[in-house]
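In what follows, a single structure is set out as structure tokens and then discussed.
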Amino acid sequence: MKSPAEWGTEVFVDKLKEGMASILTDYISAFPILIGVSIGVYALVSMFSSKLAKMGVIGVFVYGALLVII
């Protein structure tokens, strides 16, 4: 028989692994959409500033990652 601390730790680790796997599969499935949106953002914003366009692409991927997590 396991102690409650060992059992709780084991359950927590299992749930964490399942959650991380779910987040990773969601991000992988959203990746092609993020690439398409980032190309559009880069094309439009690069008309004004190349540095701002690069920051826009980074922003798309950060925002996309946050949407996948939430």
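Read-outs: derived from the displayed coordinates by stated rules, not from any lab. Remember, it's a predicted structure, so these values are computed and weren't measured experimentally. With ideal geometry, Cβ positions are generated from the backbone for all residues, glycine too; neighbour counts draw on all protein chains shown.
At a Förster distance of 30 Å, what's the computed FRET efficiency of I58 paired with T9, Cβ-Cβ distance as r, to 0.05?
After rounding, the FRET efficiency stands at 0.25.
Could you give the dipole magnitude of the chain about its Cα centre, charging the beta-carbon of Lys and Arg +1 and that of Asp and Glu -1, in debye to the nearest 20?
With Lys and Arg at +1 and Asp and Glu at -1, about 340 debye.
Can you give the three extents of the C-alpha atoms in the chain along their principal axes, from longest to shortest, in whole Å?
Between the extreme Cα coordinates on each principal axis of the chain lie 66, 20, 13 Å.
Okay, helix-only estimate at 222 nm for the chain: each DSSP H run of n ≥ 4 adds -39500 (n - 2.57), divide by all residues, round to 500 deg cm²/dmol; what do you get?
So the helix-based figure for the chain works out to -32000 deg cm²/dmol.
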